[in-house]
Amino acid sequence: MPLGHIMRLDLEKIALEYIVPCLHEVGFCYLDNFLGEVVGDCVLERVKQLHSNGVLRDGQLAGPRAGVSKRHLRGDQITWIGGNEEGCEAISFLLSLIDRLVLYCGSRLGNYYVKERSKAMVACYPGNGTGYVRHVDNPNGDGRCITCIYYLNKNWDSKLHGGILRIFPEGKSFVADVEPIFDRLLFFWSDRRNPHEVQPSYATRNHRPEPHTDVHIKCQIGMCPRYAMTVWYFDADERAEAKKKFRNLTRKTESALTED
């Protein structure tokens, strides 16, 4: 796997001189041409395989409607990848680079102390106007502090295909439109500082390819779905507190059921 492009990246410099200042000043930032074409293609091909094999399932809503699929609110299809699965070496490599960037940010992230993250959520918006309404990733202190999204969409024309991620930075007089173009890595605070939405995507007429469908051919004729991969980094203290609250709530529920 050619790594020349990546080896030339000074990840520590990028973290300290670009990511940290941007997060503090505007709440988000993105890097283009992060992996380079060859390695980015390896990640994309694996994601296409997952899609064509029927691994992705409808995304679910969190909160009081947890576990409920409402496609008019959230239209993506997702699966979770740890990176150690067979055939996911390129995804694992991508995750290791993002981990290093966040590690280099270190104590400069304010009061956050990051020592763990989620698995990677592979997501596809299959077209037909599917999107995700305005929401906050972590509105209630579940521990998530940084959202990282890696985009995988070649020859994406947002005027034609839609699918823009629109961020509404808290207290700012502007919105930020981020196009989901190939090899772009986006960072933003996960809490209420960054409400955001995925605008409707119209890139394909098919909700989900049949098993063994050649997704590559569909992309070549202008029908490619919108692909992205997201990971969340957790603040250790907030995550521990959230887990404690969940355990206490579970105990109370079990106790009430026992009394009944």
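Before moving on, here are some points about what is shown:
- Leading residue by the ranking (most open to solvent (accessible area, probe 1.4 Å)) among those in segment 118-137 that are modelled with pLDDT under 95, in contact with a strand residue (DSSP E or B) (Cβ under 6 Å, 6 or more places away or on another chain) and not in a strand (DSSP E or B): GLY129
- Filter result (open to solvent by 20 Å² or more (accessible area, probe 1.4 Å) and not in a strand (DSSP E or B)) within segment 138-156: PRO139, ASN140, GLY141, ASP142, LYS154, ASN155, TRP156
- Within segment 121-159, the set of residues being small (Gly, Ala, Ser) and under 20 Å from LEU61 (Cβ atoms) comprises ALA123, GLY129, GLY131, GLY141, GLY143.
- When LYS172, LYS159, LYS115 are checked against the criterion of being modelled with pLDDT under 95, part of a strand (DSSP E or B) and open to solvent by 10 Å² or more (accessible area, probe 1.4 Å), a single residue qualifies: LYS115.
The values are calculated or read from the model by the stated rules, or taken from the named source; none is laboratory data. Everything numeric in this text was worked out from a predicted model, so none of it was measured. Cβ sites come from the backbone with ideal geometry, for glycine too, and all protein chains shown count toward neighbours. The protein model used for the area step is the full one, side chains on, heavy atoms only, and it has no ligands, DNA or RNA in it. Shrake-Rupley method; radii C 1.70, N 1.55, O 1.52, S 1.80 Å.
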